[in-house]
Every structure is written in structure tokens, then in C-alpha cells.
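Enquirer: My structure is below; once you've seen it, I'll send some questions.
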Amino acid sequence: MPGSHRAISSTFLLDLERELLRSEAGPTQAFLDQHSAARLYVTFTIAGEMAAGMPTDSRPRWEDFLRPFEVLPCTSDICWEYGQAYRYLKANGLPVGANDLWIGATGLAFDKAVVTRNTRGYGRIPRLTVAHYYGPCKGLFTYASGMCSIVAILDISSQPAELRERALRLSARVRHRGPDWSGVFADERAVLAHERLAIVDPDSGSQPLFDSTDELVLAVNGEIYNHRELRERHASYAFRTGSDCEVILPLYRERGPELLDDISGIFAFVLYDRRSGDWLVARDPIGVMPLYLGHDEEGHLYVASEMKAIVDVCPDVRAFPPGHYLTQEMAEPVSYYEPVWRDYD
């Protein structure tokens, strides 16, 4: 886990090399002493970068320098995380160097914090945990865009009051994701709990959100980039808040799950129809926003922003796939994101 296993960035190794050359202990050595029991790793890109900075006859010195660290190999998971992070960063105009992105992708793929003093750069990579070893900001940070949390229990068949209490307990496990507001909706068939970090419309955007008829209930973690355009398209709809996520409600009334073709953003949400009992669960195409699902022993469906919220009540907990949606009548999530470049020959 990120707390005990760290991936070292190139800035850390360069600072460490400088300290060794000066024979003076500094921040890097202090970090190593403080985390002597932790396993430390370097990416294959860093190992190559360090080799490129040494003469051709210095391989023994290079190997000795890297001896305290385990070199992580390149895997398909790293390549996937790199590609997804690259698309997100490019789409949002967030520059990150290619080598730093490989390091960050390795941290994501192997679930390891990246140790660096370049927290600003690495902090642009969604879901990456960053450990700062230099200066007054030393510590462990996890960066995420528009972070809130969802815990939902769907298809309730019995004990709705007890399951509401359970949902509140489970939601408390991820309250760090949403310190500004805690909200819950419950009826005899569903519970939606939400922890909110207020970014857009902090005064009136508390969740769960309700449509103008109070029949649709929505809990969202994310940000809808084109919400202003969609609000203009639904000018006759009686919006209740300024939340960017509220546009999902009239879109669902109009198009059902096909609304996912209209929204641009990063999101994970649960939408529940009180009248029909149907529901819609969806995750953004890249998977920037985390989402997990599972079932308890009674067959109730659980959805949560973090695995730790439901792992002890759902023996089959798993990640909800990016670019997919799930409704009550479906056995498995179905892909809605089918970009044309996938068919390129």
C-alpha cells in the first residue's frame, strides 16, 4: 500500500547523489532513515535515466547506487495508466513531463506513493499518492479532482432501516473525501449516502440531488465540464441548485442512460428513480473517478467510491469499469464509450 511502499522519483535520486558526493546528510538521507522499514522502488525509466548520466565504464557504481531500491519492470498496467493519465492531462491542458508521467503511471499501477519534491507536477496526475520529502511541506498527499464520495445500497429487499444505518457507517469510512457536507436519502428500496467537497455552488449544491418532481435522486462524485451548455439546452427545466452535476437529472428524464453520450467530464454517480425503483450507475470514460461495487450475503447491491467502504460486507467487491453503466435490468455493466480510434487499422 502507499503508506509503506514508495516509488522514488528522479529528483529524489539526484538529491541523494548530491548528498553522497558532498558526504553530507540531507533531506533524502533523512527520509531513508525515517522509512528504513519500508520497501523502496525505482521505475525502469529512472534506472535508465541514471545510467544515461554515468560514463560507460561506471556500471558497478550504477548498480551499487541502485542497490537499496528494487527496480520495477514495465508492465501492461503501467502502459494503460500512462495512456489514461496522458489523455486526461492533455484534455485539461495540464503539462507533465513524459518521464514524470511514466513514474506516476508506475505508482498508480503498483499502488505506490511517489516520493518527490515536484508535488505540483505529480499532483496533476489523478489518483496518484505523492510523498514530499523536502522542506516544510514534507508528508503524504493524495491528489484527486473534485473529490467527494458515494455509498449506495440498491435493490433492498428487507430491513431498510438497518441498511440505512449501515450505509451511514460505511460512508463515514470515506468522509475524508467530502469534509463539507454529509447527506443521505433512503426509502424501502434504496439508500444513497454522500460526502461532499464543495467546489461548484458550495451554498446550495448539497447532495443527494433531487429533480423538480422529487422522483429522481442523484449522488455524484465528479465534475461536468459542459454543464453550462446543457443548462441552456434545458432552459425550461426548474433547476434547484447551481451544481454542475444537476444537469444529469433532466438529461435522464429526456434520454435515460443515453445521457452519457451528452456529458463531458469526470464522474461516478448513482441515480435512483423512486417511482419505478430503477437505477443507473455510471463511471466516466477514463476512470478518473473511482467506483466499486459488490453484493452482500442477502444479494443487495453496494456501490462506493472506495473499496474500503464495502470490502467487509461484500465478498465479491470489484472495480466498476470505466466508460460503463449499469441499470437494474442488466446483469453486468455495459460499455457506452466506444471511441472511433479503437477501430483504426
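Listed here are the residues, each with its yes/no results for (1) of a type in the set (Val, Ile, Thr); (2) at pLDDT 85 or above.
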{"position": "Asp77", "(1), (2)": "no, yes"}
{"position": "Trp80", "(1), (2)": "no, yes"}
{"position": "Gly83", "(1), (2)": "no, yes"}
{"position": "Asp100", "(1), (2)": "no, no"}
{"position": "Ala109", "(1), (2)": "no, yes"}
{"position": "Thr116", "(1), (2)": "yes, no"}
{"position": "His132", "(1), (2)": "no, no"}
{"position": "Leu140", "(1), (2)": "no, no"}
{"position": "Ile153", "(1), (2)": "yes, yes"}
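Enquirer: Identify, from the list Glu63, Glu19, the residue that is more than 24 Å from Ile286 (Cα to Cα), modelled with pLDDT of 75 or more and not β-branched (Val, Ile, Thr).
Expert: Glu63
Enquirer: In the set Leu216, Leu230, Leu259, which member is closer than 17 Å to Ala152 by Cβ, in contact with a helix residue (DSSP H, G or I) (Cβ under 7 Å, 6 or more places away or on another chain) and not basic (Lys, Arg)?
Expert: Leu216
Enquirer: Only one of Arg120, Arg124 is within 25 Å of Gly265 (Cβ to Cβ) and over 17 Å from the mean Cα position of the chain (by Cα); which?
Expert: Arg120
Enquirer: Give just the number: which of (1) closer than 30 Å to Pro160 by Cα; (2) open to solvent by 10 Å² or more (accessible area, probe 1.4 Å); (3) in contact (Cβ under 8 Å) with a residue 24 or more places away in the chain; (4) out of contact with any Leu (no Cβ under 6 Å at 6 or more places or on another chain) does Arg283 not satisfy?
Expert: (4) is the only condition that Arg283 fails.
Enquirer: Condition test on Val311, is it under 22 Å from the mean Cα position of the chain (by Cα), open to solvent by 40 Å² or more (accessible area, probe 1.4 Å), modelled with pLDDT of 90 or more and farther than 25 Å from Ala172 by Cβ?
Expert: no
Enquirer: Something else about it: Keeping to the range 64-99, report how many residues are without any contact (Cβ under 8 Å) to a residue 24 or more places away in the chain and either under 15 Å from Leu16 (Cα atoms) or in contact with a Gly (Cβ under 6 Å, 6 or more places away or on another chain) (or both).
Expert: The number of residues fulfilling the criteria is 2.
Enquirer: Okay, moving on. Checking Ile103 against (1) free of Cβ contacts under 8 Å to residues at least 60 places away in the same chain; (2) within 24 Å of the chain's Cα centre (by Cα), only one condition comes out false. Which one?
Expert: (1)
Enquirer: Additional query: Tally time: how many residues in the range 98-132 are out of contact with any strand residue (DSSP E or B) (no Cβ under 7 Å at 6 or more places or on another chain) and closer than 20 Å to Thr28 by Cβ?
Expert: Number satisfying all stated conditions: 5.
Enquirer: Another question, if that's okay. Of everything in the range 30-43, what is open to solvent by 70 Å² or more (accessible area, probe 1.4 Å) and assigned to a helix (DSSP H, G or I)? Give them in sequence order.
Expert: Correct list: Asp33, Gln34.
Enquirer: Would you check if Ala47 is of a type outside the set (Lys, Arg), within 16 Å of Ile286 (Cα to Cα) and either within 23 Å of the chain's Cα centre (by Cα) or surrounded by 12 or more Cβ atoms within 10 Å (Cβ to Cβ) (or both)?
Expert: Working: of a type outside the set (Lys, Arg): yes; within 16 Å of Ile286 (Cα to Cα): no; either within 23 Å of the chain's Cα centre (by Cα) or surrounded by 12 or more Cβ atoms within 10 Å (Cβ to Cβ) (or both): yes.
Taking the combined requirement at face value, the residue does not satisfy it.
Enquirer: Hey, another quick one. Go through the range 271-323 and give me each residue that's hydrophobic (A, V, I, L, M, F, W, C) and in a loop (DSSP other than H, G, I, E, B).
Expert: Ile286, Val288, Met289, Leu291, Ile310, Val311, Val313, Cys314, Val317, Phe320
Enquirer: Please verify whether Arg61 is among the charged types (D, E, K, R), within 20 Å of Ala51 (Cα to Cα) and open to solvent by 60 Å² or more (accessible area, probe 1.4 Å), treating the condition exactly as stated.
Expert: In short, yes.
Enquirer: On the basis of being modelled with pLDDT of 70 or more, closer than 25 Å to Ile224 by Cα, open to solvent by 10 Å² or more (accessible area, probe 1.4 Å) and part of a strand (DSSP E or B), does Phe185 make the cut?
Expert: For Phe185, the condition - modelled with pLDDT of 70 or more, closer than 25 Å to Ile224 by Cα, open to solvent by 10 Å² or more (accessible area, probe 1.4 Å) and part of a strand (DSSP E or B) - is met.
Enquirer: Which of the residues that make up the range 286-300 are in contact with a Leu (Cβ under 7 Å, 6 or more places away or on another chain) and open to solvent by 10 Å² or more (accessible area, probe 1.4 Å)?
Expert: Scanning the range 286-300 gives a single hit, His295.
Enquirer: In the range 317-334, which residues are open to solvent by 40 Å² or more (accessible area, probe 1.4 Å) and small (Gly, Ala, Ser)?
Expert: The answer is Ala319, Ala331.
Enquirer: Moving on. Out of all the residues in the range 118-130, which are polar (S, T, N, Q) and at pLDDT 80 or above?
Expert: Applying the first criterion (polar (S, T, N, Q)) to the range 118-130 yields 118-119, 129.
Hit for the range 118-130 is Thr129, nothing else.
The values are calculated or read from the model by the stated rules, or taken from the named source; none is laboratory data. Note that this is a predicted model, so its numbers are computed, not measured. FYI the Cβ positions are ideal-geometry reconstructions off the backbone, even for glycines, and counts take in every protein chain you see. With ligands, DNA and RNA removed, areas are computed over all heavy atoms of the protein, side chains included. Shrake-Rupley method; radii C 1.70, N 1.55, O 1.52, S 1.80 Å.
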